[in-house]
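Worksheet for the structure shown next.
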């Protein structure tokens, strides 16, 4: 399906991109952490914040620094090259460390109480480019089959589920009994199998829309290989599901 493309012009553009990428590679290869001006500037800013912390509204010192990046390789690079410096920085002072570092593996940074209460510096909260549910797909489907939120909208689905669960410590037994009655104790799951198929089709449709948008965006568009695009139920393993029901009195 490449008949509509101007192949010669496309190949010329690809060759040009290759030359540019090779040029960038050759220019960046000599750069190591000791010659990385941005990394050195970041270290200086962290040290300055640690030595002269800001003050919170309640008068407490705040040495908190949140380093965010949308790229996993950048997060790993920063973690790898800042952690030894943090150790050296603290050992040079003696006594309690002025900078505290997260010794765990690189992971997405998530808000917590310590992020807001002016606790000591947590140096290496790591940002990730992957979606919150990756590598899983979360789809919110109405009982009539309408897809309210696609897998590209996990935040909205999770916020809705969070609102439903707030203040609840256990499942609503009345609604569980209603579900058992409607499905004959799970023997008749035909309706929910249909909704699952709707969710799968929604995932496939979203991939197709993304591919179409990428093709129209120019050479910079990223296209998921056809072999990696899901098409039917056989491409998935159902991990878990949650039914949201409204109570009935009949």
Residues in the stretch 147-159 that are surrounded by fewer than 15 Cβ atoms within 10 Å (Cβ to Cβ) and free of Cβ contacts under 8 Å to residues at least 12 places away in the same chain total 2
Restricting the stretch 51-82 to residues that are assigned to a helix (DSSP H, G or I) and in contact with a helix residue (DSSP H, G or I) (Cβ under 8 Å, 6 or more places away or on another chain), the one surrounded by the most Cβ atoms within 10 Å (Cβ to Cβ) turns out to be 82
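Taking the conditions exactly as written (modelled with pLDDT of 85 or more and either under 30 Å from residue 14 (Cα atoms) or in contact with a helix residue (DSSP H, G or I) (Cβ under 7 Å, 6 or more places away or on another chain) (or both)), does residue 194 satisfy them or not?
Spelling it out, it is not the case that residue 194 is modelled with pLDDT of 85 or more and either under 30 Å from residue 14 (Cα atoms) or in contact with a helix residue (DSSP H, G or I) (Cβ under 7 Å, 6 or more places away or on another chain) (or both).
The values are calculated or read from the model by the stated rules, or taken from the named source; none is laboratory data. Keep in mind the model is a prediction, meaning the values are calculated, not measured. Methodologically, a virtual Cβ is constructed for each residue, glycine included, from the backbone with ideal geometry; neighbour enumeration extends over all protein chains shown.
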